[in-house]
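Undergrad: Below is one structure. I have some questions about it.
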């Protein structure tokens with residue numbers, strides 16, 4: 001396993017990373033939390049790459065299984081990486097149906113985007129927030 005000191009997202013550059021000082025399992029970078037809570041008051045800047053750019057730099061030509069739990073940034077990251085997305089066989093991701101973070105793509109938008117990109121829905125949790133699995137048609 002190899003780790004990288006960067007985040008994946010919908011753009012290349014530096015972006016804010018918001019840290020919940022009361023619950024470190026709740027972090028985000030691209031999006032401001034919808035509820036402006038005081039424990040998100042000091043974002044830090046982190047380097048961000050699209051998945052396509054990261055794959056180019058690492059000489060990765062394909063991905064069989066892609067797991068995404070990006071606190072709402074899943075949709076933008078997928079949209080910004082069309083080249084590598086064409087090689088992915090299975091995607092499991094977290095989704096939201098209401099604005100936990102400002103500007104996120106919701107479950108149905110991600111589902112439509114992935115279906116248009118050649119995936120079919122294998123599993124979609126019925127809850128407001130949950131997991132979904134998509135497989136290449």
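Just so you know, all these numbers are worked out from the coordinates, no wet-lab data involved. Keep in mind that what you see is a predicted model, and the values were worked out from it rather than measured. When we count neighbours, we look across all protein chains shown, and the Cβ atoms used for this are built from the backbone with ideal geometry, even at glycine.
Undergrad: Taking R0 as 30 Å, what FRET efficiency do you get between residue 92 and residue 16 from their Cβ-Cβ distance, rounded to the nearest 0.05?
TA: Once the sixth-power term is evaluated, E becomes 0.70.
Undergrad: Going by the alpha-carbon gyration tensor, a ≥ b ≥ c the square roots of its eigenvalues, is the stretch 67-137 rounded (a/c under 1.5) or, if a/c is not under 1.5, prolate (a/b greater than b/c) versus oblate?
TA: oblate
Undergrad: Between residue 124 and residue 46, how high is the FRET efficiency from 1/(1 + (r/R0)^6) when r is the Cβ-Cβ distance and R₀ = 22 Å? Nearest 0.05.
TA: Plugging the Cβ-Cβ distance into 1/(1 + (r/R0)^6) gives 0.10.
Undergrad: What FRET efficiency do you get for residue 4 and residue 131 if R0 is 22 Å and r is their Cβ-Cβ distance, rounded to the nearest 0.05?
TA: 0.40
Undergrad: At a 10 Å Cβ-Cβ cut-off, how would you order 48, 100, fewest neighbours first?
TA: Working: 48 23, 100 18.
Listed from fewest to most nearby Cβ atoms, that is 100, 48.
Undergrad: Related question: By count of other Cβ within 10 Å, fewest leading, how are 136, 107 ordered?
TA: By the 10 Å Cβ count, ascending: 136, 107.
Undergrad: Multiply the residue gap between residue 116 and residue 57 by 0.36 nm, knock off their C-alpha separation, and tell me the result in nm, one decimal place.
TA: Numbers: separation 59, 0.36 × 59 = 21.24 nm, distance 2.73 nm.
So the extension gain works out to 18.5 nm.
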